[in-house]
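Below you'll find the structure, written out as structure tokens, and then a few comments.
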């Protein structure tokens, strides 16, 4: 690990232009209560789920694995059934707090 002074001396010089910097749609805190869970389901990363069950490998490729493929498919089907019930019966509360803060770099 480098001392902070060395890291600062080696920083990549970037000359930002105002037109290159996209402004966020809001700054501060935004609250999203009861966000539709069905909109989040397609973004679930299932790899940690399989790792928890000691089925190591990448999601989707696990299904073709000659050793654990069938078990991975069964486990995934069970998980999908439970997830469908959670979504259908609204068993989870989806409350998010988003906070966008302006960034700043002070040259030293």
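If you filter the range 11-29 down to residues that are at pLDDT below 85 and under 22 Å from residue 97 (Cα atoms), you find that the one that is surrounded by the fewest Cβ atoms within 10 Å (Cβ to Cβ) is 22.
Filtering the range 45-56 to residues that are at pLDDT 90 or above and in contact with a helix residue (DSSP H, G or I) (Cβ under 8 Å, 6 or more places away or on another chain) leaves 46, 49, 50, 53, 55.
To keep it simple, each residue is scored yes or no on (1) touching a strand residue (DSSP E or B) at 6+ places or on another chain (Cβ under 6 Å); (2) under 27 Å from residue 55 (Cα atoms); (3) loosely packed, with under 12 Cβ neighbours inside 10 Å.
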{"residue": "67", "(1), (2), (3)": "no, yes, yes"}
{"residue": "71", "(1), (2), (3)": "no, yes, no"}
{"residue": "76", "(1), (2), (3)": "no, yes, no"}
{"residue": "86", "(1), (2), (3)": "no, yes, no"}
{"residue": "92", "(1), (2), (3)": "no, yes, yes"}
{"residue": "99", "(1), (2), (3)": "yes, no, yes"}
{"residue": "103", "(1), (2), (3)": "no, no, yes"}
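One residue stands out in the range 35-49 among those that are surrounded by 10 or more Cβ atoms within 10 Å (Cβ to Cβ) and in a loop (DSSP other than H, G, I, E, B): the one that is nearest to the chain's Cα centre (by Cα), namely 44.
The values are calculated or read from the model by the stated rules, or taken from the named source; none is laboratory data. For clarity, every value in this text was computed on a predicted model and none was experimentally measured. We place every Cβ from the backbone using ideal geometry, glycine too, and count neighbours over all the protein chains shown.
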